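These notes are about the structure you will find just below.
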Amino acid sequence: MKQLLRVAIVGLALAAAPSAVLADASAQRLVEETTQAILADLRANRDRVASDRQYLEDLVNRRIVPHLDFDAMTKLAVYRNWLKANDAQRTALIEEFRTLLLRTYGKSLAEFREQRIEFLPFEPSAKEGLAIVRSRFFPSGGSPVEVDYRLRDNDGWKIYDIRIDGISLVTNYRNSFDAQVAQSGIEGLLQSLRQKNRELAP
């Protein structure tokens, strides 16, 4: 999973696309162009990426943070337990899950090497305001892996999920979150997230 995260994070930084009939195609073009920009950053600054956590944090904040729908991602991960949380707990869940994702992505960026990425032909979405950008990741010495970026037009295109060989990276957290809530409630889940974020902190 760690190796798959390396390719998942490189397509996350998207600029806002205009609302238009060809919006899905615009989303795909933006993912492709921005992926190449991030790869260029990584290749040009290999030593710095590996050793400078502040540079990594700045790269994540600049390229990725503005273009992820953290509200939607948290709701997908927490799922039915979202209704059990009060407003303060929901705000805290979004913030802690956001921190967990970004620290995980930052660590994956530091480990990225020269794996190859190929984008598949554009396919229009059946639903207005949604887009899927499909790609194929070629790990060193392994079989190709299908990676789909799922976006929605929420004041500009934002990613709300990434699927790797059909498995959602966001909802992959759901079983562990369900178990944590069943054992110790929403506050227990928040405590667990805070502990994981402390462990991943620079």
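Taken over the stretch 54-79, the criterion of being part of a helix (DSSP H, G or I) and either in contact (Cβ under 8 Å) with a residue 60 or more places away in the chain or among the polar types (S, T, N, Q) (or both) is satisfied by Gln54, Glu57, Asn61, His67, Ala72, Met73, Thr74, Leu76, Ala77, Val78, Tyr79. Of all residues in the stretch 89-120, those being part of a loop (DSSP other than H, G, I, E, B) and either of a type in the set (A, V, I, L, M, F, W, C) or free of Cβ contacts under 8 Å to residues at least 12 places away in the same chain (or both) number 2.
Looking at (1) open to solvent by 10 Å² or more (accessible area, probe 1.4 Å); (2) out of contact with any Gly (no Cβ under 8 Å at 6 or more places or on another chain), find the lone condition where Tyr105 falls short. With respect to (1) open to solvent by 10 Å² or more (accessible area, probe 1.4 Å); (2) out of contact with any Gly (no Cβ under 8 Å at 6 or more places or on another chain), Tyr105 is out only on (1).
Does Ser143 qualify as being buried (at least 16 other Cβ atoms within 10 Å of the Cβ) and small (Gly, Ala, Ser)? Show your work before the answer.
Working: buried (at least 16 other Cβ atoms within 10 Å of the Cβ): no; small (Gly, Ala, Ser): yes.
Spelling it out, it is not the case that Ser143 is buried (at least 16 other Cβ atoms within 10 Å of the Cβ) and small (Gly, Ala, Ser).
So that you can scan it fast, the table gives a plain yes or no per residue for (1) more than 25 Å from Thr35 (Cβ to Cβ); (2) in contact with a Lys or Arg (Cβ under 9 Å, 6 or more places away or on another chain); (3) surrounded by 15 or more Cβ atoms within 10 Å (Cβ to Cβ):
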position	(1), (2), (3)
Glu95	yes, no, yes
Phe119	no, yes, yes
Leu151	no, yes, yes
Asp161	no, yes, yes
Asn197	yes, yes, yes
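The values are calculated or read from the model by the stated rules, or taken from the named source; none is laboratory data. Owing to the predicted nature of the structure, the values given are computational and were not obtained by experimental measurement. When we count neighbours, we look across all protein chains shown, and the Cβ atoms used for this are built from the backbone with ideal geometry, even at glycine. Heads up: the accessible areas ignore ligands, DNA and RNA and are worked out on the full protein's heavy atoms, side chains in. Shrake-Rupley method; radii C 1.70, N 1.55, O 1.52, S 1.80 Å.
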